[in-house]
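Worksheet: the structure to be examined is printed underneath.
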Amino acid sequence: MEKTELQQIFDLYTGNHTVLSFCNYGGGHINDTIRVFARSAGQEKGYILQRINTNVFKNPELLMDNFKRVTEHLHQKYAASTELRRHRTLDLLPTLDGKPFAVVNGNYYRVYEYVSGACSSDIMATAENAFQVARAFGNFQKDLVDLPGERLQETIPNFHNTPSRLANLEKAIREDRCGRLKNVMPEVEFVMARRDETSRLLDLCAQGAYPERITHNDTKLNNILFDDVTGEEVAVIDLDTVMPGLVHYDFGDMVRTGTSPAAEDEKDLSKVYMRMDFFEGLLKGYLSSAGEFLTPVEKEELPFSGKLITLEIGMRFLTDYLEGDTYFKVHREGHNLDRCRTQFKLVQSIEEQFDAMRKLLNS
Ligand code: ADP
Ligand code: GN1
Ligand code: MG
């Protein structure tokens, strides 16, 4: 993006900003993120500007409505309690006409303050970090239990509906649009051997074993900012998919992104496995914050959620590979297939340790 384009966007916002410098930021698969330094009222400040991917988020205005409701609620909650005052959430800048987003040349943008002195990471460093991450996402769910107003909108319908993700994969297999099916027969078989398990969490919910809640739905490790000095968790970010969901979607994605020592797109699969002490950190951290509102069956299903969500995201990477890489950003040939393979390797590792994971829960 050119500086003049950026200035054009900032001109729509309150604060009379002069853009000084900017760079691409973050490694997300969906939106474009830019860190911007700008001067306003004689002060230089950092901002995060994001272009919302409208291919993925079909209704960005609805999405930003959720975003605003959630951040306003969290701001109020944190300001009102000395115990919660160190928590932060994203500070959205309003546009001159009071909106939480700006539209330029048909693109939707949003700007929030850059949280300085904090950073995110892609790979969990220690089991203690795992505890902190899960505590933070558990607190996030807890802080939204009393969100006033109507049910939040679904920014992506059926986002974590695993049977519906399976149906998408089956369609991609049937169509084989890019002639890639022949490269992925073992992966297809891997999924089909587990197809009966895909509806387990939704079935339990339909039977009344636990309610729908407000969940984050993208609890990747890099969606938490940690303080550079204290190492404590500072803020839960990336709020695009905050919507009604099952707690398992969040816990499962933490297991997926927080227990393996390898990157999501690691090619050497011997480096991908579930570390039990990291799982234990996640479980204890999550129960330390969310434990007070979870039902017994919700707790019981936490180990299984790690397996299911890892399988689900693996299926999504496989579907995108078969469909010609139209959803996730890719940076090399076969990138989505590499990502799919790490997920399935992790599923296998979880299955091998599943009894021990369940024992930990009941210990
Ligand atoms: P994506 O949807 O692409 O994952 P994120 O909202 O997670 O986008 O932002 C990408 C990265 O930018 C994050 O992982 C984090 O490192 C950084 N980031 C995002 N928002 C902020 C912020 N307000 N302050 C500091 N860093 C941020
Ligand atoms: C995407 O935007 P990002 O990179 O945080 C995706 C998640 C996947 C994840 C896999 C809206 O998250 O659902 O789990 O990639 N987000 C969306 O790394 O599809
Ligand atoms: Mg992110």
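Would you mind stating whether Tyr286 is assigned to a loop (DSSP other than H, G, I, E, B), crowded, with 18+ Cβ neighbours inside 10 Å, of a type in the set (Ser, Thr, Tyr) and out of contact with any Asp or Glu (no Cβ under 8 Å at 6 or more places or on another chain)?
The answer is no for Tyr286.
Could you give me the residue pairs with C-beta distances under 7 Å whose first residue belongs to region 321-343 and is assigned by TED's automatic domain parsing to the domain that holds Asp176 and on the phi > 0 side of the Ramachandran plot, whose second residue is part of a helix (DSSP H, G or I) and not basic (Lys, Arg) wherever it lies, and which are 6+ apart or on separate chains?
Pairs found: Asp325/Asn336.
Mind listing whichever residues of region 206-216 are surrounded by 22 or more Cβ atoms within 10 Å (Cβ to Cβ) and assigned to a loop (DSSP other than H, G, I, E, B)?
So the first thing to find is which residues in region 206-216 are surrounded by 22 or more Cβ atoms within 10 Å (Cβ to Cβ), and the list is 214-216.
Matches in region 206-216: His216 only.
If a residue has to be surrounded by fewer than 17 Cβ atoms within 10 Å (Cβ to Cβ) and either away from ligand 2 (no atom under 16 Å from the Cβ) or among the small types (Gly, Ala, Ser) (or both) to count, how many in region 27-64 make the cut?
12
Looking only at region 311-327, decide whether some residue is within 22 Å of Ala209 (Cα to Cα) and open to solvent by less than 10 Å² (accessible area, probe 1.4 Å).
Start the filter on region 311-327 by keeping residues that are within 22 Å of Ala209 (Cα to Cα), which leaves 312.
Now restrict to residues that are open to solvent by less than 10 Å² (accessible area, probe 1.4 Å): 312.
Within region 311-327, one or more residues are within 22 Å of Ala209 (Cα to Cα) and open to solvent by less than 10 Å² (accessible area, probe 1.4 Å).
May I ask you to list pairs of residues, at least six apart or on different chains, whose Cβ atoms are under 6 Å apart, with the first in region 245-263 being modelled with pLDDT of 95 or more and the second being outside any helix (DSSP H, G or I) and open to solvent by 20 Å² or more (accessible area, probe 1.4 Å)?
Between residues of region 245-263 that are modelled with pLDDT of 95 or more and residues that are outside any helix (DSSP H, G or I) and open to solvent by 20 Å² or more (accessible area, probe 1.4 Å), the close pairs are Val247/Arg213; Thr257/Lys220; Thr259/Arg275.
If you go through region 6-20 one residue at a time, do you hit one that is under 24 Å from Ser121 (Cβ atoms), in contact (Cβ under 8 Å) with a residue 60 or more places away in the chain, open to solvent by 10 Å² or more (accessible area, probe 1.4 Å) and outside the structural domain of Phe328 (by TED's automatic domain parsing)? Outline the logic, then answer.
From region 6-20, those under 24 Å from Ser121 (Cβ atoms) are none; that's our starting set.
The answer is no, given that none of the residues of region 6-20 is under 24 Å from Ser121 (Cβ atoms), in contact (Cβ under 8 Å) with a residue 60 or more places away in the chain, open to solvent by 10 Å² or more (accessible area, probe 1.4 Å) and outside the structural domain of Phe328 (by TED's automatic domain parsing).
Are any residues in region 44-85 within 12 Å of Glu154 (Cα to Cα) and in contact with a Pro (Cβ under 7 Å, 6 or more places away or on another chain), and if so, which ones?
If the condition is that a residue be within 12 Å of Glu154 (Cα to Cα) and in contact with a Pro (Cβ under 7 Å, 6 or more places away or on another chain), then Met64, Phe67 are the ones that fit.
Could you check, for region 27-36, whether at least one of its residues is over 30 Å from Phe279 (Cα atoms), away from ligand 1 (no atom under 16 Å from the Cβ) and at pLDDT 95 or above?
Here is the first cut: in region 27-36, the ones over 30 Å from Phe279 (Cα atoms) are 32-36.
This time we only want the ones that are away from ligand 1 (no atom under 16 Å from the Cβ), so: none.
The answer is no; no qualifying residue exists.
The values are calculated or read from the model by the stated rules, or taken from the named source; none is laboratory data. It should be emphasised that the depicted structure is a prediction, and the values quoted were computed from it without experimental measurement. Every residue, glycine among them, receives a Cβ derived from its backbone with ideal geometry; neighbour counts consider all protein chains shown. In case anyone asks, the SASA skips ligands and DNA or RNA and just uses the protein heavy atoms, side chains included. Shrake-Rupley method; radii C 1.70, N 1.55, O 1.52, S 1.80 Å.
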